[in-house]
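As C-alpha cells, the structure follows; a few thoughts come after it.
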Amino acid sequence: MEHLDYELPSRPQPHRREPLLVGVVGSGNCELLLEGGPPADRCRISIKTSAHGFAPIWTAVVADFAARAAAGGLQIEINDVGATPAVVSLRLDQAIEAWEESANV
C-alpha cells in the first residue's frame, strides 16, 4: 500500500456533523471517511492506495477538489483499490454533497 498525505487550502465548510463514510472498498473503487479536524481554511486528505506510482495524479485530483469545494476544516481519509481519477473525483463530490445534505436535516 502506498500512503499519501496532503494539506491544502480550501474554502471553509460551514457544516459540522458526525463523521461520514461514502463509497465502498472494492476492485476499481474507493471509500472516503470525512470528519472535522483541521483549521477552517485547510483540508487534510490522507490516501491509502494499492496503486503505486500515481502520486502526481493524486496530487492533481485532490488539489482540484480542494480548490472548487468547501472542504476547509475537514479531514478526509481515502481507501483506494484502483479507482480511476474520475471515480475518485466523483466520490469526493458525493462525499461533500452528503456531508452538507445530512447537516441540513
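Read-outs throughout are calculated quantities, based only on the coordinates presented, and are distinct from any laboratory measurement. Note that this is a predicted model, so its numbers are computed, not measured. Heads up, the Cβs are rebuilt from the backbone with ideal geometry, glycines too, and the neighbour counts pull from every protein chain shown.
Observations on the model:
- Subset of the range 37-86 (residues that are surrounded by 13 or more Cβ atoms within 10 Å (Cβ to Cβ) and among the acidic types (Asp, Glu)): ASP64, GLU77, ASP80
- Cβ pairs under 6 Å, 6+ apart, first in the range 78-103 and in contact (Cβ under 8 Å) with a residue 24 or more places away in the chain and of a type outside the set (Gly, Ala, Ser), second outside any loop (DSSP other than H, G, I, E, B) and exposed (fewer than 14 other Cβ atoms within 10 Å of the Cβ): PRO85/ILE57
- Condition check for SER27: of a type outside the set (A, V, I, L, M, F, W, C) and surrounded by fewer than 16 Cβ atoms within 10 Å (Cβ to Cβ): yes
- Residues of the range 55-77 that are charged (D, E, K, R) and either free of Cβ contacts under 8 Å to residues at least 12 places away in the same chain or more than 16 Å from ASP5 (Cβ to Cβ) (or both): ASP64, ARG68.
- Considering residues of the range 1-19 that are in a loop (DSSP other than H, G, I, E, B) and touching a residue at least 40 places away in the same chain (Cβ under 8 Å) only, the residue nearest to ALA83 (Cα to Cα): MET1
- Strands (runs of 3 or more DSSP E) contained in the range 20-105 and holding at least 1 residues among the basic types (Lys, Arg): 42-49
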